[in-house]
Amino acid sequence: PGIWKLILQVKVHVDRYRRLTLPQLGRMAEVIAEHEPILEGIERRDPERARAAMASHLERLLDDISEIQNLNPDYFDQPT
C-alpha cells in the first residue's frame with residue numbers, strides 16, 4: 001500500500017503537467033519524439049537501450065515538472 005500511495009502522488013503531478021503543457025503548440029510532436037527512443041529500444045529487443053531512453057525521459061520529465069511547478073505554483077499546492 002505504501003508504494004501505491006507514492007505512485008498516486010507522483011501521478012497527480014504528472015497529470016497536472018500534461019494538462020498544462022499538452023495544449024501548447026507543437027507539444028504533441030515533442031511528446032511523440034520523446035517516446036520514440038523508448039519504443040525503438042523495445043522493438044529492437046534491446047533492454048539497455050530502452051532502459052537508458054526511459055531513464056533519460058523520466059529525468060527530463062522531473063526537470064520539466066519542476067519548472068512548470070515553479071511557473072504555476074497554485075496548481076501544485078500540497079494539502080496540509
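Nothing in this text is a laboratory measurement; each read-out follows from the coordinates by a stated rule. Only a predicted model underlies this, so the values are computations on that prediction, with no experimental measurement involved. Don't worry about glycine lacking a Cβ; one is built from the backbone with ideal geometry, like all the others, and counts go over all protein chains shown.
For a paramagnetic label modelled at 7 Å from the Cα of S66 toward its Cβ, which residues of region 33-57 fall within the zone defined by backbone nitrogen distances under 20 Å?
Those under the cut-off are 53-57.
Per q in 0.11 1/Å, what log10 I(q)/I(0) does a Debye calculation on the alpha-carbon atoms of the chain return?
Scattering profile of the chain, log10 relative to I(0): -0.37.
Mean Kyte-Doolittle of at least -1.0 plus a Cα span of 27 Å or more along the axis: flag which DSSP H helices in the chain meet both, please.
Span-like helices here: 2-21, 47-71.
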